[in-house]
1. Just to check your reading of the model, which residue among Leu70, Leu149, Leu140, Leu119 is open to solvent by 50 Å² or more (accessible area, probe 1.4 Å), outside any helix (DSSP H, G or I), under 24 Å from Ser12 (Cα atoms) and aliphatic (A, V, I, L, M)?
2. Any residue that is within 29 Å of Thr179 (Cα to Cα) and either open to solvent by less than 40 Å² (accessible area, probe 1.4 Å) or of a type in the set (Ser, Thr, Tyr) (or both) - is there at least one of those in the stretch 21-30?
3. Yes or no: Ile20 free of Cβ contacts under 8 Å to residues at least 60 places away in the same chain, more than 27 Å from Ile184 (Cα to Cα) and among the hydrophobic types (A, V, I, L, M, F, W, C)?
4. Restricting to the stretch 44-100, count the residues that are on the phi > 0 side of the Ramachandran plot and touching a residue at least 60 places away in the same chain (Cβ under 8 Å).
5. Considering the stretch 128-137 alone, what residues qualify as being open to solvent by 10 Å² or more (accessible area, probe 1.4 Å) and assigned to a helix (DSSP H, G or I)?
6. Can you find a residue in the stretch 83-91 that is of a type in the set (Ser, Thr, Tyr) and either closer than 16 Å to Thr150 by Cβ or touching a helix residue (DSSP H, G or I) at 6+ places or on another chain (Cβ under 8 Å) (or both)?
7. Tell me which of these Thr59 doesn't satisfy, since it passes every other one: (1) under 23 Å from Ile158 (Cα atoms); (2) open to solvent by 50 Å² or more (accessible area, probe 1.4 Å); (3) at pLDDT 90 or above; (4) not acidic (Asp, Glu).
8. Quick one: which residue in Gly75, Gly17, Gly50 is among the small types (Gly, Ala, Ser), in contact with a helix residue (DSSP H, G or I) (Cβ under 9 Å, 6 or more places away or on another chain), crowded, with 17+ Cβ neighbours inside 10 Å and within 21 Å of Phe157 (Cβ to Cβ)?
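The values are calculated or read from the model by the stated rules, or taken from the named source; none is laboratory data. Bear in mind that the values here come from a model prediction, so they are computed numbers and not experimental data. In this analysis, Cβ positions are derived from the backbone assuming ideal geometry, glycine residues included, and neighbour counts consider all displayed protein chains. Ligands, DNA and RNA are stripped out before the accessible areas are found, and what is left, the full protein with its side chains, is counted by its heavy atoms. Shrake-Rupley method; radii C 1.70, N 1.55, O 1.52, S 1.80 Å.
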Amino acid sequence: MIPGINWSALISVVSAGSIIVGSTVILWQKNLEKIFAFLLLHQAGNLLIGLTSASTEGTDAVIYNLIVLLIQMTGILFCLSVFEQRYRAMTIDDLKQKGKNSPILFFSFLFFISSIAGLPLSAGFSGRMLLVYASVSNDLFWLPALSILTSLVIFYFIFRLTYEIFSGKPAINEINLETHHKFILLVLLLPAIL
């Protein structure tokens, strides 16, 4: 450790920067892989909230959130790979009006992103509350407040994405997911819900 450096304040600033950049830059992104990267950046900032508390509650919250993040990101990556295989989709524009073709896949994709934003009754919400508790119990109020406010930005993005995906008539007939794809989505959705 370097003497004279307030590590908690430094980590708080890095956390706030990651949260702000990760949640606002996705509003201008069209590429699905870049959206994935900025969601990951946003979550990295949220994980740093637990480190700023420098407590056992913070450590427990970080570990829980790492497990939840692994499930969420695996689910998003799985959905992105199916989008690329089935639709040759790499941008939001490629997904326009395709939600009605395979609703299970698209609702799962939107749920994983919503869980990252802290949708109530999802594992992402539980993890976010653990981080808020750890931070507030150590008198850091502004960082969890910032995290919650930027989650509203992500919810706006999700609303816009949902409109793009499900509005209009389907471009092609419904594409049925193979059984193993449905099974993988089920396995990933169950822990993301709980």
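1. On the way: Leu70 fails: outside any helix (DSSP H, G or I); Leu149 fails: outside any helix (DSSP H, G or I); Leu140 fails: open to solvent by 50 Å² or more (accessible area, probe 1.4 Å).
Matching residue, one of Leu70, Leu149, Leu140, Leu119: Leu119.
2. Kept after step one, since they are within 29 Å of Thr179 (Cα to Cα), are these residues of the stretch 21-30: none.
No, that holds for no residue.
3. Working: free of Cβ contacts under 8 Å to residues at least 60 places away in the same chain: no; more than 27 Å from Ile184 (Cα to Cα): yes; among the hydrophobic types (A, V, I, L, M, F, W, C): yes.
No; evaluated as a whole, the condition is false for this residue.
4. Just the residues of the stretch 44-100 that are on the phi > 0 side of the Ramachandran plot, to begin with: 54, 88, 97.
Okay, now just the ones that are also touching a residue at least 60 places away in the same chain (Cβ under 8 Å), so 54, 97.
Residues in the stretch 44-100 being on the phi > 0 side of the Ramachandran plot and touching a residue at least 60 places away in the same chain (Cβ under 8 Å): 2 in total.
5. Residues of the stretch 128-137 that are open to solvent by 10 Å² or more (accessible area, probe 1.4 Å), as a first pass: 128-130, 132-133, 136-137.
If the condition is that a residue be open to solvent by 10 Å² or more (accessible area, probe 1.4 Å) and assigned to a helix (DSSP H, G or I), then Arg128, Met129, Leu130, Val132, Tyr133, Val136 are the ones that fit.
6. First pass over the stretch 83-91, keeping only residues of a type in the set (Ser, Thr, Tyr): 87, 91.
Narrowing the set further to residues that are either closer than 16 Å to Thr150 by Cβ or touching a helix residue (DSSP H, G or I) at 6+ places or on another chain (Cβ under 8 Å) (or both) leaves 87, 91.
For the stretch 83-91, residues of a type in the set (Ser, Thr, Tyr) and either closer than 16 Å to Thr150 by Cβ or touching a helix residue (DSSP H, G or I) at 6+ places or on another chain (Cβ under 8 Å) (or both): present.
7. Result: Thr59 fails condition (1) only.
8. Values: Gly17 fails: crowded, with 17+ Cβ neighbours inside 10 Å; Gly50 fails: within 21 Å of Phe157 (Cβ to Cβ).
Answer to the check: Gly75.
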